[in-house]
1. For chain A, what is the mean residue ellipticity at 222 nm derived from helices alone (per DSSP H run of n ≥ 4: -39500 (n - 2.57); sum divided by total residues; nearest 500 deg cm²/dmol)?
2. Using modelled amide H (1.01 Å from N, peptide plane; none on Pro or chain starts), what sits under 5 Å from the amide H of A:F118, excluding residues fewer than 5 places away?
3. Could you quote the convex hull projected area for the range A:23-292, Cα atoms only and averaged over all directions, in nm²?
4. If the viscosity is 1.002 mPa s and the temperature 20 °C, what Stokes-Einstein diffusion coefficient in µm²/s follows for the range A:203-293 when Rh is the Kirkwood radius over Cα pairs?
5. What does the charge count near B:R13 come to, summing +1 for each Lys or Arg and -1 for each Asp or Glu among other residues with Cβ under 11 Å from its Cβ?
6. Return a whole-number percent for the relative contact order of chain B, with Cα pairs under 8 Å and 6 or more residues apart as the contact set.
7. Compute the acute angle (0 to 90°) between the alpha-carbon long axis of helix B:216-227 and the principal axis of greatest extent of the alpha-carbon atoms of chain B; round to the nearest 10°.
8. At what distance in nm do the modelled label points of B:R258 and A:R113 sit from each other, each positioned 7 Å from its Cα along Cα→Cβ?
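Each reported figure results from applying straightforward, stated rules to the coordinates on display, with no laboratory input. All values derive from a computational prediction rather than experimental measurement. We place every Cβ from the backbone using ideal geometry, glycine too, and count neighbours over all the protein chains shown.
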Amino acid sequence: MFEFCEDPSTLETARWFACYLTNGVHFRFYQSFLTVLLLLAITAPVALAFGFAGAMASRSHVAPLRWIGKTYTAMVRGVPDIAFFLFFVIALDQALEWLAHQAACPDWTDPIRQGANFIVCDAAKIPQSNAPQWVHEAYNFGIAVFTFAIVFGAFAANVLFGAMRAVPRGQLETGEAYGMTHRQTFWRILVPQMWIYALPGLSNLWMILIKATPLLFLLGVEDIVYWARELGGSRTSQYQYPHPDWRLWYFLGLLVFYLGMTRISEILLGRLTRRLSRGQATMAGEDQRKAFA
Amino acid sequence: MSCLQTIQDYGLRSLGYGERLLPRGDITLCEQFTLIGSGMIWNVYFGALALMSGFFFAVALAVAKNSRPWITRKPAEWFIFIFRGSPLFIQFFLAYETFVLLPRVGIDINLGFAEITAETRWFARAWLGALIVLFLNTSAYAAEIFYGALRSVPKGDLEAADAYGLTGWTRFRRVVFPTTMRLAWPSYTNEAIFLFHATTLVYFSGFPAFQQKGDALYYAQYFADRTFNPFIPYPIVAGYFVILTLCIIMLFGMINARLNRHLPSETRSRLRYRPNLIR
């Protein structure tokens, strides 16, 4: 990065750190923070969509659809989320390969499960074994995002289902009195009003999602935990930047990062709550109206 | 090999008794059930001990956070913020790296009948190190719940206490504390459930499983890696945890009923399990 970084062993402390913290691997470490933020940015809307679909299904008048919705929301109850993460990564991978196998090699006769092995034909390997490295990484990341979205979608479905029931019945009756259909009442009356009831639960969920991101490490993605362990480990003098075991300091850095994320989220969600309370038939909305009048 | 034999061999495997080698080759359903069940011992151990010790610390923290003087309030606020604001996973890593760096010394403790040597090395072992992290973590979460409940103790209760001339410790013990518990108990039940779920993180977070003595999820992952078939071990873990969760709900429900025993039975608040918390 800097010109004086040619021979780090001759540098004094401040310059040594300037060089150390800007070398190649550290930039990959910094990039992995972006990976985490990317995961949050993709997972949050997808999980919300899953949750919305799940909550709608649980309210459905069609019994099988309602059972699916209920099962989905009940799925995460009582079971540690990390078990889901570990399960879905392998299960999704195998499901995709099995589908690809059915499509690509219809005349394959050997069983796919041979004892302790899961064997599909070469054409059905996902990603292809000769694919470049970034495809493998992107595939891993995609599976991780999807897994997060499924698990957090179930949590969100639970929250949104409660929020839909919390909208005062009178509001919906007014819609019916105006001759709106079931669908119209749902989209025009229920959905715009439910968010303020869902917000406490959803903001809680967002905090949890932030705190669940280190689990990416367990899903085989090179995330910040991976790099903190990798970079913090002690380096002998054979390396360009020898140092003792610094993992403690790297993890302290991560701790501060997460605390910062939590604090910022708290402030932003507080503002969002005030914004959404405007004109609502709740205590907060009433207070705002009185303060304005 | 019969299933009974398997249970004898692997029933206490997670504590280091029985067969040393884990099953390999053809793995039977019985072996999976037994070994994963044996791992549950650790989950229950971590959860139960952290919860019981954390309860008292949490009450103290909640009272400290609610107190007027700066010197007690600020540390409690910071403690709660740090442990609730950061992932448990990172806390485990951080604690492990810290404990590893501790100087290796042993302290002899005379128990009267036997002498044991307490070593600082124990901190880097899961049974003590992870327990400490879980204890601090659950204290912070429970303290926030108790603090919220403490703030919503009805004004009338306090006025009634004043009218009876209760002050200080007596007022806290007779009026404030019982009401706080009553208000906080449903949320505290959820916290307990999630603490038990969080115990599955221990062996994935730096703390090594010595001689493959791990918890339920550790063994489940072992089987999933061996057989490359996730559809058996993970549902077994799920089943065990559903049973554990039901036991917790039952136990806490009984305590809840005891806390609210003065109320007519219709108006008692029933425990509702709302799972929307993980760390």
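1. So the helix-based figure for chain A works out to -23000 deg cm²/dmol.
2. none
3. Its Cα hull, projected and averaged over all orientations, spans 21.7 nm².
4. 129
5. With Lys, Arg at +1 and Asp, Glu at -1, the neighbours total -1.
6. So the answer I get is 25 percent.
7. Result, in degrees: 30.
8. Simple spin-label model gives 4.6 nm for this pair.
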